[in-house]
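The next block holds one structure in the form of structure tokens; read it before the comments.
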Amino acid sequence: MAFPKGFLWGGAVAANQLEGAYLEDGKGLSCADMLKGGNVKTPRMFSPEIEEGVYYPSHQAIDFYHHYKEDIALFGEMGFKCFRLSINWARIYPNGDDAVPNEKGLEFYDHVFDECKKHGIEPLVTLSHYEIPWAIVTKYGGFASREVIDLFVRYAETCFRRYKNKVKYWLTFNEINCALMPGGGAYNGVGTVCKEDLENKTPRPVDKLIDDPQTRFEALHNEFVASAKTVIIGHAINPDFKIGLMIAHLTLYPLTPDPKDLLTCQKQYNEMNNYCGDVMVRGEYPRFAKSFAKASGVKDTSFMDNEEDKEILKKGVVDMYTFSYYMTNCVTTHESDLTGGNLFMGVKNPYLEASPWGWQIDPLGLRYTLNELADRYPDTPLMVVENGLGMIDKREADGSVHDDYRINYLRDHIKAMKAAVEEDNVNLIGYTTWGPIDLVSAGTGEMYKRYGFIYVDRNDDGTGDFSRSRKDSFFWYKKCIESNGEDLD
Ligand code: BG6
């Protein structure tokens, strides 16, 4: 068998994209609750306060909060070994800086983890998946403030102590490298709104968020420190914890053999992937960090030289490298066509097909990526914690969904992982597909873009009764897991 015994097969979700119940049982608002719905043409808008009668996808999402038993039973039926989910920080500390945690919020995740256990599923918990309490955004400006480091660490510690016998695998921040993109600080609470927005209550489109590179890079540095402190505390609470980083891996190819393309590609690849990876796995900024920051508009890089922080980063290196992989892009210095992508637009690759959202499908690129990562971080286990195909599904009158396109996509990616493990000797410990159950799209806020093995009757116009049904891919993935990745027909 190619995949090792105990390989963590499963699926991955994020609290704000599936839980709903956005103000139930004492939960506070999170930044995701302020995001309106959009679509591939219309960007989502951040609103400084909730507007009556407007659709905010996270408010009800797919109502996992009230359906978790049924949903986890379906994951159990598919044979999941692992369920990646996130804890909503604002359920635990509604304002982020409350004196005591919200017991009801803590209880909810107790129930979820107990349910996982009942079905033999290992939880993998992201502490912050594109989410931060809204009060931290308005009061502190998110991670731009160093005070937020300690607020996060306290929240993480609360979770570690509470769930230390229920959860072994943890991730600190989802796709932490998205903070490198202009406007990408939004999810750590930076640049989402400004004082005027708050005063005038003006919504701001996500593609027009305020971007100050100095603040954004420093906020990312603060996240690195928060993550490292969290790793240190986590290991002290339970030495068996495995705590990882999570990166949106952006694999890039030079479009032409022009050496200028190759150099530009290498540079961008390093910046987007290894800037964060090196700090969190090796415990120090890479050699190109300062020139990259300066070229991005950062004037003062002295935050990278803070001696106390440097020590923390060294001590708090992660136990595993996890990443999302959906697509690849090209890089060129010549004229080219652009295509969409997970967070990043990119140059079109003439050899690849793309999804209706422009994400280029590249299973072989996953094998390449795994090899690159295994060479750069040879002592760190790897895990693919997001991969999948967002598509428009058609539900037949009998409730079935024939999603061969999804099966084909996943089969090809699993084959690529298999080759990486079997032939290239890559240390890969697990694979969780994105959105095993249909959920709200992070990028567009749509339900129309579906990833699931399980169909959820919920639509963008607010219709649907939240009922769940099995797609063809449900039965296919079940067989795949049962055979430890051998039976992919
Ligand atoms: C990743 C995120 O970027 O991609 C998920 O971690 C997100 O939260 C996923 O849902 C797929 O993106 P989208 O925009 O299709 O939901």
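Going through (1) without any contact (Cβ under 8 Å) to a residue 12 or more places away in the chain; (2) over 20 Å from Ser47 (Cα atoms); (3) part of a helix (DSSP H, G or I) one by one, Lys229 falls short only on (1).
The criterion of at least 1 residues that are of a type in the set (A, V, I, L, M, F, W, C) and in contact with a Pro (Cβ under 9 Å, 6 or more places away or on another chain) is met, among strands (runs of 3 or more DSSP E) falling completely within the range 251-332, by 320-324, 328-331. Of the residues making up the range 352-380, those that are away from the ligand (no atom under 15 Å from the Cβ), assigned to a loop (DSSP other than H, G, I, E, B) and open to solvent by 30 Å² or more (accessible area, probe 1.4 Å) number 4. Given the structure, is Leu29 modelled with pLDDT of 95 or more, of a type in the set (A, V, I, L, M) and open to solvent by 10 Å² or more (accessible area, probe 1.4 Å)? Judged against the criteria, Leu29 is a match. If you check Asn102, Asn88, Asn16 for being within 16 Å of the ligand (Cβ to nearest atom) and open to solvent by 10 Å² or more (accessible area, probe 1.4 Å), only one passes: Asn16.
Could you check how many residues of the range 314-351 are surrounded by 19 or more Cβ atoms within 10 Å (Cβ to Cβ), of a type outside the set (Val, Ile, Thr) and more than 11 Å from the ligand (Cβ to nearest atom)? Number of matching residues: 7.
Okay, residues lined up against (1) outside any helix (DSSP H, G or I); (2) modelled with pLDDT of 95 or more; (3) crowded, with 24+ Cβ neighbours inside 10 Å:
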| site | (1), (2), (3) |
| --- | --- |
| Val148 | no, yes, yes |
| Phe152 | no, yes, yes |
| Ala156 | no, yes, yes |
| Cys159 | no, yes, no |
| Lys166 | yes, yes, no |
| Asn177 | no, yes, yes |
| Pro182 | yes, no, no |
| Gly185 | no, no, yes |
| Glu196 | no, no, no |
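Scanning the range 411-450 for residues that are near the ligand (Cβ under 10 Å from one of its atoms) and open to solvent by 20 Å² or more (accessible area, probe 1.4 Å) yields a count of 2.
Within the range 263-296, the set of residues being of a type in the set (Gly, Ala, Ser) and either in contact with an Asp or Glu (Cβ under 8 Å, 6 or more places away or on another chain) or open to solvent by less than 20 Å² (accessible area, probe 1.4 Å) (or both) comprises Gly277, Gly283, Ala289, Ala293. Filtered by the rule that a residue be within 16 Å of the ligand (Cβ to nearest atom) and part of a loop (DSSP other than H, G, I, E, B), the range 381-396 gives Asn387, Gly388, Leu389, Gly390, Ile392, Asp393.
The set of residues in the range 41-85 that are surrounded by fewer than 23 Cβ atoms within 10 Å (Cβ to Cβ), more than 25 Å from Arg204 (Cα to Cα) and among the basic types (Lys, Arg) comprises Lys69, Lys81.
The values are calculated or read from the model by the stated rules, or taken from the named source; none is laboratory data. Keep in mind the model is a prediction, meaning the values are calculated, not measured. Here Cβ is always computed from backbone atoms with ideal geometry, including for glycine, and neighbour counts include all displayed protein chains. Only protein heavy atoms, including side chains, enter the accessible area calculation; ligands, DNA and RNA are left aside. Shrake-Rupley method; radii C 1.70, N 1.55, O 1.52, S 1.80 Å.
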